[in-house]
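Participant: Below you will find the structure I want to go over with you.
Each reported figure results from applying straightforward, stated rules to the coordinates on display, with no laboratory input. This structure is a prediction, so every number in the text was calculated from the model and none was measured. Cβ placement follows ideal geometry from the backbone for every residue including glycine, while neighbour counts extend to all protein chains displayed.
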Amino acid sequence: MRQILETEEHVPIPPIMYSDPFYRITYLIKEEIWKYKWIEGEKGRKLSWERARQEWTDAYRDKFEKFLIDTLYFPDATPPEEPPAEGRAKPGMATATGNATSSQT
């Protein structure tokens, strides 16, 4: 991922990487650096990519990463369902005697 931020040009990657959360975050950071460089250029500062990346990293990276972590949805990060409390079986589950609980008689 570091290579993506080392250059301003597009860095080709395998298609499978497009769904990788680290790639997505790295690409979002690269977009922010492009915006920073453009804004500074509008102010009359001609920054190299390396200089813009370093200034943006020093000034905004920590806050931007915190923002991303707080706002992005990571579907694999959901906690697993808690197991049922001991002594209580869910309807239809086998009990200690081996019989399934049922409301039918």
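Participant: For 35, 63, 43, 30, what ranking results if the residue with the fewest other Cβ atoms within 10 Å of its Cβ goes first?
Facilitator: Listing 35, 63, 43, 30 from fewest to most nearby Cβ atoms yields 43, 63, 35, 30.
Participant: Could you list 49, 38, 56 in order of exposure, starting from the residue whose Cβ has the fewest other Cβ atoms within 10 Å?
Facilitator: Neighbour counts put them in this order, fewest first: 38, 49, 56.
Participant: Give me 65, 40 ranked fewest to most by other Cβ atoms within 10 Å of their Cβ, as a rough exposure proxy.
Facilitator: The order, fewest Cβ neighbours first, is 65, 40.
Participant: May I ask you to give the average projected area over all directions of the convex hull of the Cα atoms of segment 17-75, in nm² rounded to one decimal?
Facilitator: 4.5 nm²
Participant: Give me the one-decimal nm value for the distance between modelled label points at residue 69 and residue 5, 7 Å along each residue's Cα-to-Cβ direction.
Facilitator: Placing both labels 7 Å beyond Cα along the Cβ direction yields 1.4 nm.
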